[in-house]
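A.B. asks: Here it is, the structure, as structure tokens.
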Amino acid sequence: MSQQPSILITGCSTGIGYYCAKSLQRDGWQVIASCRQPEDVSRLQNEGLTCVLLDVASSQSIKEALAKTLEFTGGTLDALFNNGAYGQPGAVEDLTRDTLQKQFDTNFFGWCELTNAVIKVMHQQDAGRIVHNSSVLGFAAMPFRGAYNASKFALEGITDTLRLELADTNITVSLIEPGPIRSEFRANALRALDSNIDINSSRFGFQYASAIARLSKPGPASRFTLEPEAVYKKLTHALTAKKPKPRYYVTFPTHLMGALKRILSTRAMDNILGRIKS
């Protein structure tokens, strides 16, 4: 990497992306943060961050944001941290095609498109680090989270494939798999539930009432909720270690689910996961 390594981070308006952008800049990185809303871009710029407008659901926005990023960095880019995503709640049978499409446009298709564009830059410089922020829900399916589960399962599959295909290069690919982290994730999920699910016509009224109560609850999502710093520690290892890990578990639920999935049958896992509140 260059003397001051450069990184593009998606989804920096709040939470993990915001914390990691500020922390990497503090630690000597040239950070190009990105946000989907112009007002968030202005806010981060006023806080001293270099920030570009980037909506990963838009191909044109991806092209323009990467072009601006490369202007700031002089045409090179040492790392990409894909973080910008949201969780669409809802029973699978209540998900319309349009709702699934929107989930995948943001959480999967946009990430793939941006990553492929960045890989071309990294091939030219013969080095680079790619880090995708996944989830415990990228390998452990939970009820009423089908759209998000599917997008993260897809992300993990394509990331594993990409890592194999880049094995003969100096470009590394890692997944971070958090569980509950303090962020605006639940608030955004509540808005997505309200906007995209017809609760009144669903047979899951009781479960949706429970989901709304859970997503509306102030404070941490659970007693296992960690601060964004926990993700940052894994990110810095993925960005700086001589041999970054393919996967980084972050919270206790992620470690627990990873262990259970290795030792339990599918039916036993279903029995556990099916009890998780909607």
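A.B. asks: State which residue is surrounded by the fewest Cβ atoms within 10 Å (Cβ to Cβ) when the search covers only the range 159-180 and only residues that are modelled with pLDDT of 95 or more and within 21 Å of T254 (Cα to Cα).
C.D. replies: Filtering the range 159-180 for residues that are modelled with pLDDT of 95 or more and within 21 Å of T254 (Cα to Cα), the one surrounded by the fewest Cβ atoms within 10 Å (Cβ to Cβ) comes out as D160.
A.B. asks: When the residues of the range 161-215 are narrowed to those that are among the small types (G, A, S), in contact (Cβ under 8 Å) with a residue 40 or more places away in the chain and in a helix (DSSP H, G or I), which ends up nearest to V231 (Cα to Cα)?
C.D. replies: Filtering the range 161-215 for residues that are among the small types (G, A, S), in contact (Cβ under 8 Å) with a residue 40 or more places away in the chain and in a helix (DSSP H, G or I), the one nearest to V231 (Cα to Cα) comes out as A189.
A.B. asks: Could you list, in sequence order, the residues of the range 201-240 that are surrounded by fewer than 16 Cβ atoms within 10 Å (Cβ to Cβ) and among the basic types (K, R)?
C.D. replies: R203, K217, R223, K233, listed by residue number.
A.B. asks: If we only count helices (runs of 4 or more DSSP H) wholly inside the range 221-274, which ones have 3 or more residues that are closer than 15 Å to S23 by Cβ, touching a residue at least 24 places away in the same chain (Cβ under 8 Å) and in contact with a strand residue (DSSP E or B) (Cβ under 7 Å, 6 or more places away or on another chain)?
C.D. replies: In the range 221-274, 229-240 are the helices (runs of 4 or more DSSP H) which contain 3 or more residues that are closer than 15 Å to S23 by Cβ, touching a residue at least 24 places away in the same chain (Cβ under 8 Å) and in contact with a strand residue (DSSP E or B) (Cβ under 7 Å, 6 or more places away or on another chain).
A.B. asks: Further question on the same structure: Looking at the range 246-269 only, could you name the residues that are of a type in the set (D, E, K, R) and closer than 23 Å to T225 by Cα?
C.D. replies: R247, K261
A.B. asks: Name the one entry in A85, A57, A67, A140 that is modelled with pLDDT of 95 or more and assigned to a helix (DSSP H, G or I).
C.D. replies: Unique residue meeting the criteria: A67.
A.B. asks: Among the residues in the range 3-22, are any assigned to a helix (DSSP H, G or I) and more than 22 Å from F185 (Cα to Cα)?
C.D. replies: No: zero hits.
A.B. asks: Looking at the structure I just gave you, is S23 under 20 Å from L175 (Cα atoms), surrounded by fewer than 20 Cβ atoms within 10 Å (Cβ to Cβ) and in contact (Cβ under 8 Å) with a residue 12 or more places away in the chain?
C.D. replies: Spelling it out, S23 is indeed under 20 Å from L175 (Cα atoms), surrounded by fewer than 20 Cβ atoms within 10 Å (Cβ to Cβ) and in contact (Cβ under 8 Å) with a residue 12 or more places away in the chain.
A.B. asks: Mind checking which residues of the range 95-108 are within 15 Å of G11 (Cα to Cα) and hydrophobic (A, V, I, L, M, F, W, C)?
C.D. replies: Answer for the range 95-108, where residues must be within 15 Å of G11 (Cα to Cα) and hydrophobic (A, V, I, L, M, F, W, C): just F108.
A.B. asks: Next question. Within the range 26-59, track down each residue that is touching a residue at least 40 places away in the same chain (Cβ under 8 Å) and of a type in the set (K, R).
C.D. replies: The answer is R36, and nothing else.
A.B. asks: For V131, which of the numbered conditions (1) within 29 Å of S6 (Cβ to Cβ); (2) surrounded by fewer than 24 Cβ atoms within 10 Å (Cβ to Cβ); (3) among the β-branched types (V, I, T) fails to hold?
C.D. replies: (2)
A.B. asks: While we're looking at this one, here's another question. May I ask you to verify whether S222 is of a type in the set (G, A, S), at pLDDT below 95 and in contact with a Leu (Cβ under 7 Å, 6 or more places away or on another chain)?
C.D. replies: no
A.B. asks: Taking into account only those residues within the range 112-136 that are out of contact with any Lys or Arg (no Cβ under 6 Å at 6 or more places or on another chain) and in a loop (DSSP other than H, G, I, E, B), which is nearest to L226 (Cα to Cα)?
C.D. replies: A127
A.B. asks: Another one. Could you grab the pairs with beta carbons closer than 6 Å, sequence gap of 6+ or different chains, first residue in the range 99-127 and surrounded by 17 or more Cβ atoms within 10 Å (Cβ to Cβ) and at pLDDT 95 or above, second one of a type in the set (D, E, K, R) and part of a helix (DSSP H, G or I)?
C.D. replies: Final answer for the pair search is none.
The values are calculated or read from the model by the stated rules, or taken from the named source; none is laboratory data. On a predicted model such as this, the values are computed, not experimentally measured, just so you know. Cβ sites come from the backbone with ideal geometry, for glycine too, and all protein chains shown count toward neighbours.
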